[in-house]
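The values are calculated or read from the model by the stated rules, or taken from the named source; none is laboratory data. Fair warning: this is a prediction, and the values are worked out from it, not measured in the lab. Virtual Cβ from ideal backbone geometry, glycine too; neighbours counted across all protein chains shown.
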Amino acid sequence: MPDSTATCNLSSTGAGIARGANGERLDHLFIVDVVEQGSRVLDLGCGRGTLLKLLVDRKGVRGTGVEIVEEKVYDAVGKGLSVYHGDIDEGLSDYPAGMFDYVILSQTLQQARETVLVMQEALRVAHYLIVSLPNFAHWNARLQLMFKGRAPVTKSLPYQWYDTPNIHSVSIQDFYVFAREHHIDIVRAFYVGGRGRVGFWPNLRAQHGVFVLRHADDV
Amino acid sequence: MRSAGGCAVNSIVVSDYYIEGQSFDGSVGVVETQYAEFSELPLDSGLMLSPLTIAYEIHGALNDNGSNAILILHALSGDAHVAGYHEGDIRPGWWDAMVGPGKAFDTNQYFIICSNVIGGCKGSSGPSSLHPSGDRPYGLRFPVVTLPDMVRAQKLLLDRLGIERLLAVCGGSMGGMQALQWVVAYPEMVGSCIPIACTHRHSPMQIAFNEVGRQAIMRDPSWKGGDYYGGASPDAGLTVARMIGHVTYLSDESMREKFGRRLRDKEVLGYDFASIDFEVESYLKHQGEVFIRRFDANSYLYITKALDYFDLRNGLGTLVEALSDVPVDTRFLVIAFSSDWLYPAYQSKEIVRALKGNGLDCTYLDIHSSFGHDSFLVETTQQTHLIKNFLSVTARRLGVKSAG
């Protein structure tokens, strides 16, 4: 157990993501910027509730989190949040359609077994889906594969092959292709590296991508 | 540690339903049970209970606008004595670790009410109460009561106390079921609900265990159709009922940890039936013996019957529909325990699913514990953290000020 807790901690601290003036992760600040005041938010894989608390404090959202690790749920409840202790793969179907304004999958989707189902369900219960992912095609990862012949271990992917919680390896480019094929519109995107926001060549230079999505047929 | 009855255990002191060594921060001190009298109560069966006494205890102070009241509801064998000490007692109330100054239900902030259910034997009207004709106790002449009837009686009490709205209703096991019944019966009165280790309806397995307990009592020759008051009580039957109950409150893991296959006061097997061989046998025997000193066999029949009848839907269609009148700002904290096989976590999840289906704010925890159904009485650290935070958010949202 101690080992798996340690790796989970790494993923929830957002290793390798640059931080803002008050220590907030830049991807979190982008999400806070996107989410509208007073909206209803479901954070799948909310961890200790850092992002959700930020959204409650700064945007007055009505937030609910889902988290599988019991210890993290205690922390999130300690922040005054409402949290469901369980798997993100279960329970989305219980919500009526359009129940939330936003569903957030922050550093979670690469760990979900039923990727397509989770995203479809998320877009059913919410108007917008916000996904943030570690970029498997970052130049550092590419160099490690190319020159060392090793599975990459980077700031955004800080795991050995045998202890990673990530069951999907995905690049920013992969995600664009996936969205197009599944009739999902990417409304906004934000890319971030160790030093801050990444503007050009995100698939090479960014360690993380954050995407705001909605159904292509939603107006 | 060795309790009065001589049963070796670790953290649970098994001489009763009470737990020692869990208390922290302070106690509400010496408390006294109070009694409220009412002329009548209409029951689900169509009968009328008249007159009616409700035993209750209160802790803390009601604030100026009466908005800091919390109703705590007890389980099958519990009573109104939730916290503190009765004059001369060495053992505190059944949830003393959770109720008191600085505790989960902080009596410096909240006004706590706990009453004995009707049908019980701890001061509220029940089968051992004197029949209105004055001849002898009711026995089976006492009308069958349901969990909604118990809740209706609690509503009478709150009306009497001048409490129009509850900050929270909370209970474990049967208490959790009553808490759920509260939000369905009086949705506008309840700010938040904390059902712990419970279900929205008794399952066939739960009914089955209760029926074994009832049969043990009713097949005891001393039961005499329930009319045993003044003579020998059906102690043997009630003992067996309690033993069965206790098995369902523990878990395979907790029994292995607590007893193993250890022998009781002997080095080798006895090869007889007169003496006790195993520690676990001694524990159950002791539990049964202690129980008959403080509980009435007929009350055991009535309360288990009320549990078995319980179905929150009560002809209202699906569970989602049954909860559809609950105001959207009502908050829920639903707690289950991983080793509770009597009220398994799936039953709590069914409640959560129906709450989600109504868009209600809900926190759900499946607390890892080896203590089985008893966990709700034992695992006070985690519950304190959860309930304390949950209540403070609820109080803040409702603009509740503590009594000052």
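Taking segment B:331-343 as the range and being more than 8 Å from chain A (Cβ to nearest Cβ) and either among the charged types (D, E, K, R) or surrounded by 20 or more Cβ atoms within 10 Å (Cβ to Cβ) (or both) as the test, the residues that pass are B:Phe332, B:Leu333, B:Val334, B:Ile335, B:Ala336, B:Phe337, B:Ser339, B:Asp340, B:Leu342, B:Tyr343.
Okay, residues lined up against (1) within 13 Å of another protein chain (Cβ to nearest Cβ); (2) surrounded by fewer than 24 Cβ atoms within 10 Å (Cβ to Cβ); (3) modelled with pLDDT under 95:
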residue: B:Asp308; (1), (2), (3): no, yes, no
residue: B:Asp311; (1), (2), (3): no, yes, no
residue: B:Leu316; (1), (2), (3): no, yes, yes
residue: B:Leu323; (1), (2), (3): yes, no, no
residue: B:Lys349; (1), (2), (3): yes, yes, no
residue: B:Asp374; (1), (2), (3): no, no, no
residue: B:Gln382; (1), (2), (3): yes, yes, no
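Filtered by the rule that a residue be farther than 18 Å from A:Val125 by Cβ and under 15 Å from the mean Cα position of the chain (by Cα), segment A:38-53 gives A:Gly47, A:Arg48, A:Gly49, A:Thr50, A:Leu51. Segment A:32-111 holds strands (runs of 3 or more DSSP E) entirely within its bounds, and those carrying 2 or more residues that are more than 14 Å from chain B (Cβ to nearest Cβ) map to A:100-106.
B:Lys401 - would you say it is within 10 Å of chain A (Cβ to nearest Cβ), of a type in the set (D, E, K, R) and more than 17 Å from the chain's Cα centre (by Cα)? Steps first, please.
Numbers: within 10 Å of chain A (Cβ to nearest Cβ): no; of a type in the set (D, E, K, R): yes; more than 17 Å from the chain's Cα centre (by Cα): yes.
Considered against the rule, which asks whether it is within 10 Å of chain A (Cβ to nearest Cβ), of a type in the set (D, E, K, R) and more than 17 Å from the chain's Cα centre (by Cα), B:Lys401 comes out as no.
Do we have A:Gly65 as closer than 20 Å to B:Lys356 by Cβ, out of contact with any Ser or Thr (no Cβ under 6 Å at 6 or more places or on another chain) and not polar (S, T, N, Q) here? Considered against the rule, which asks whether it is closer than 20 Å to B:Lys356 by Cβ, out of contact with any Ser or Thr (no Cβ under 6 Å at 6 or more places or on another chain) and not polar (S, T, N, Q), A:Gly65 comes out as yes. Taken together, the residues in segment B:253-271 that are closer than 28 Å to B:Tyr343 by Cβ and free of Cβ contacts under 8 Å to residues at least 60 places away in the same chain amount to 5. Regarding B:Gly126, is this residue closer than 26 Å to B:Thr248 by Cβ, under 23 Å from the mean Cα position of the chain (by Cα), in contact (Cβ under 8 Å) with a residue 24 or more places away in the chain and buried (at least 21 other Cβ atoms within 10 Å of the Cβ)? Considered against the rule, which asks whether it is closer than 26 Å to B:Thr248 by Cβ, under 23 Å from the mean Cα position of the chain (by Cα), in contact (Cβ under 8 Å) with a residue 24 or more places away in the chain and buried (at least 21 other Cβ atoms within 10 Å of the Cβ), B:Gly126 comes out as yes.
Could you grab me the full set of residues in segment A:159-168 that are over 21 Å from A:Phe190 (Cβ atoms) and in contact (Cβ under 8 Å) with a residue 12 or more places away in the chain?
Within segment A:159-168, A:Tyr159, A:Asp163, A:Thr164, A:Pro165, A:Ile167 meet the criteria.
Of the residues making up segment A:118-140, those that are away from chain B (no Cβ under 14 Å) and more than 16 Å from the chain's Cα centre (by Cα) are A:His127, A:Ala137, A:His138, A:Trp139, A:Asn140. For segment A:192-204, the set of residues classified as in contact with a strand residue (DSSP E or B) (Cβ under 8 Å, 6 or more places away or on another chain) and free of Cβ contacts under 8 Å to residues at least 24 places away in the same chain consists of A:Val198, A:Gly199, listed by residue number. Suppose the filter is over 29 Å from B:Ser375 (Cα atoms) and crowded, with 24+ Cβ neighbours inside 10 Å; does B:Pro137 pass it? So B:Pro137 does not fit the description; no. Among the residues of segment B:359-371, is any more than 14 Å from chain A (Cβ to nearest Cβ), crowded, with 23+ Cβ neighbours inside 10 Å, in contact (Cβ under 8 Å) with a residue 60 or more places away in the chain and out of contact with any His (no Cβ under 6 Å at 6 or more places or on another chain)? The answer is yes; a qualifying residue exists.
Please name all residue pairs, on different chains or six or more residues apart, with Cβ atoms under 8 Å, provided the first residue is in segment B:24-50 and is within 22 Å of B:Met150 (Cα to Cα) and touching a residue at least 40 places away in the same chain (Cβ under 8 Å) and the second residue is part of a strand (DSSP E or B) and of a type in the set (Gly, Ala, Ser). Here the result reads B:Thr33/B:Ala55; B:Tyr35/B:Ala55, each pair linking segment B:24-50 to a residue that is part of a strand (DSSP E or B) and of a type in the set (Gly, Ala, Ser).
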